[in-house]
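Please read the structure below before turning to the comments.
Read-outs throughout are calculated quantities, based only on the coordinates presented, and are distinct from any laboratory measurement. Worth saying up front: this structure is predicted, and the values here are computed from it rather than measured. Glycine also receives a Cβ, built like all others from the backbone with ideal geometry; neighbour counts cover every protein chain displayed.
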Amino acid sequence: MLLERKKNKMIDWQPTASLDVLRQRAEILSRLRAFFASRDVMEVETPLLSHATVTDSHIMSIVAPFKELGCEKEIICYLQTSPEYAMKRLLAAGAGSIYQLTKAFRQGEVGRLHNPEFSMLEWYRPGFDHHALMDEMDELLQVVLQLSPATRMSATQVYQLYLKIDPHEASVDDLKTCAKLYIESLPDMADDKNNWLDLLFTHCIEPHLGSDAPFFLYDFPASQAALAKIRPENPPVASRFEMYFKGVELANGFHELQDAKEQRGRFEKDLAYRRNHHLPSVPMDERFLAGLQEGLPDCAGVAMGIDRLIMLVLNQNSISDVISFAFPLA
Amino acid sequence: MALYTTNEIRGGMKIIVDNDPCVILDNEFVKPGKGQAFNRIKYRNLKTGRVVERTYKSGESLQAADVVEVEAQFLYYDGTHSHFMVQDTFEQFVMSDIEVGDAKQWIKEQAICMLMLWNGTPLGVTPPNFVILKIVETDPGVRGDTSGGGGKPAKLETGAVVRVPLFVQEGELIKVDTRTGVYVARAKEE
């Protein structure tokens, strides 16, 4: 008996977040739901376990094989990295404004600001563009969390301000030259423009964003469009935005791409990148593409990391401080 | 040669960067939601003491350094070099003043120290956490003073200067925490 109790003491079973933090977390989640209820945005639930997944070059899915009882054959499934495709299928089916508070899973991501499963708030607004959705997100942060009104800058302005370069026009060599100027030692990277933009952004820009109030960064280089519409300007600009608070990335949103053919082309480009970099190949989500083909309403959507948001609002140091049982103890 | 990938790197591990042995201080995973993952790795160069932060692409490999710590006794100082001996094996190591660094002011003959060896070559020495040393020089204290108040500087037999309470006198033995350089108590010969 005594021996057992001793053994039990050596196993770390306690929550990684304090109960006080968990109570405050529950309060924030209920206020978020109230915000959407007051605006007639419907709460939905979509599968965490799906037959297809994202093709993103830098987002890897956790594979979860499914086997029907009595059946030998395994069906490869994936834990969802975001509910985006399923929610867009609902939109194509005519659901109207929808939101979801759910878990998302990312292979390989663990650290002070990363947990392989994390809570995500994602919502879609038919008839909104990315600016209208930034307005609503700004209101949400003010109403639900009493944050100061957000500021907003385009990628062109932000890169000019901190690095004196134009992210749309800069070549890989320009970005390398710039990185040599600002970063002590550079990782061994191939000539991929987006990777160099990521390096410069994470090291030289992100830490400065949103120190007092939430900060929206909008209109990304077309190469970083992801699932955003690209406006045919010169140079072309992606109608994408991200939100930062206290130097931490919290949200990513789009004026959503509606063109199924263009979407398929982007998936194929992602898969080609994966092949060239020896990254796992995944099936394209044909059901999502079929929904898009049928017709996605003109809409904007955004996903926000809830653990990070709560961490910052409650002045905690790591997301494990606001998750009941962070991954190492899960 | 053994390799670590960025995700295996933890504080305290020893790696080789640009041919120098280094100790890891911190490893932060940095990744934009939709972007390339990096590890910002902070380390101290064990030869120069310089702290450097370097960014790696997640998944890159780093070379492990064969760095070990052994217990060794300080034998003597010959005017330019310090001589140590591992008591079990009688293996002796000679270190320059630069290699011994700040540890020199705390160690007297026979002190048991930790030597850090890289491929068998000493890189640094850590003195015992607590040492008992004789005060060789300090101003006479004011009578009636207790341990409160400002204290005074005292020079120790190994050359270190520490602040001691006013009642502590020249010729006395004191115990000092070498990690902070702070006086702990008066001491008797061990």
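A few notes on this one:
- Extension gain (nm, one decimal) between A:ARG275 and A:ASP191, 0.36 nm per residue minus Cα-Cα: 28.6 nm
- Charged-residue dipole, Cβ positions (Lys, Arg, Asp, Glu), the range A:268-330 about Cα centre, Debye nearest 20: 240 debye
- Residue-averaged 222 nm ellipticity for chain A, from DSSP H runs of 4+ at -39500 (n - 2.57), nearest 500: -11000 deg cm²/dmol
- Translational diffusion coefficient (Stokes-Einstein; Kirkwood radius from C-alpha pairs) of the range A:16-76 at 20 °C, 1.002 mPa s, in µm²/s: 134 µm²/s
- Formal net charge of residues neighbouring A:PHE201 (Cβ-Cβ distance under 13 Å; K, R +1; D, E -1): -1
- Build a GNM of chain A with springs between Cα atoms under 10 Å apart, and of A:ALA170, A:ALA104, A:ALA92 the one that fluctuates most is A:ALA170.
- Listed residue (A:SER154, A:VAL143, A:MET120) projecting farthest to the positive dipole end of the range A:117-160, Cβ model: A:SER154
- Only one residue of A:PRO283, A:LEU312, A:ALA326 has its Cα farthest out toward the positive end of the dipole of the range A:259-330, where Lys and Arg carry +1 and Asp and Glu -1 on Cβ, and that residue is A:PRO283.
- Shielding by other protein chains, A:243-252, mean Cβ within 10 Å: 1
- In chain B, helices alone account for a calculated mean residue ellipticity at 222 nm of -500 deg cm²/dmol, with every DSSP H run of four or more residues adding -39,500 (n - 2.57).
- Short-range pairs are left out: with C-alpha atoms under 8 Å and at least six residues apart, the relative contact order of chain A is 24 percent.
- Using a Gaussian network model of chain A in which every pair of alpha carbons under 10 angstrom is joined by a spring, one finds that among A:LYS103, A:LYS88, A:LYS269 the greatest mean-square fluctuation is at A:LYS269.
- The range B:1-45 residues near the modelled B:THR126 label - backbone nitrogen below 12 Å, point 7 Å along Cα→Cβ: B:12-13
- Cα gyration tensor of chain A - equivalent ellipsoid semi-axes, whole Å, descending: 31, 26, 24
- Global form of the range A:132-269, assessed from the alpha-carbon gyration tensor, a/c cut-off 1.5: oblate
- Given their separation in residues at 0.36 nm each and the Cα-Cα distance between them, B:SER96 and B:GLU172 gain 24.3 nm when the chain is fully extended.
- Dipole moment magnitude, nearest 20 debye, the protein assembly as shown about Cα centre, only Lys, Arg, Asp, Glu C-beta charged: 760 debye
- For the residues of B:35-42, the average number of beta carbons from a partner chain within 10 Å of their own beta carbon is 6.
- Dipole of chain A, positive direction: furthest Cα of A:ALA26, A:ALA228, A:GLY265, with charges on the beta-carbon: A:ALA26
- Principal semi-axes in Å for the range A:38-195 [√(5λ), Cα gyration tensor, largest first]: 34, 27, 15
- Note on chain B: GNM, Cα springs under 10 Å; of B:THR48, B:THR126, B:THR80, the largest mean-square fluctuation is that of B:THR80.
- Counting only other chain Cβ atoms within 10 Å of each residue's Cβ, the peptide A:197-209 averages 3.
- Counting lysine pairs in the range A:48-189 that sit 8 or more residues apart in sequence, or on different chains, and whose Cα atoms lie under 28 Å apart gives 6.
- Modelled spin-label separation between A:GLU262 and B:ASN45, with each label point placed 7 Å from Cα along the Cα-to-Cβ direction: 5.1 nm.
- A Förster radius of 51 Å combined with the Cβ-Cβ distance from A:ASP212 to A:TRP13 puts the calculated FRET efficiency at roughly 0.85.
- Sum of side-chain charges, A:GLY111 neighbourhood, beta-carbon under 12 Å (Lys, Arg +1; Asp, Glu -1): +2
- An ellipsoid equivalent to the range A:192-301, defined through the eigenvalues of its Cα gyration tensor, has semi-axes of 26, 19, 13 Å when rounded to whole angstrom and sorted largest first.
- Oblate is the label for the range B:34-190. Its Cα gyration tensor axes, ordered a ≥ b ≥ c, give a/c of at least 1.5 and b/c at or above a/b.
- Whichever aspartates and glutamates have a C-alpha closer than 20 Å to that of B:LYS134, once near sequence neighbours (fewer than 8 apart) are set aside: B:ASP102, B:GLU109, B:GLU157, B:GLU170, B:GLU172, B:ASP177, B:GLU189, B:GLU190
- Spin-label model distance (nm) - A:LYS73 vs A:TYR182, 7 Å beyond Cα toward Cβ: 5.3 nm
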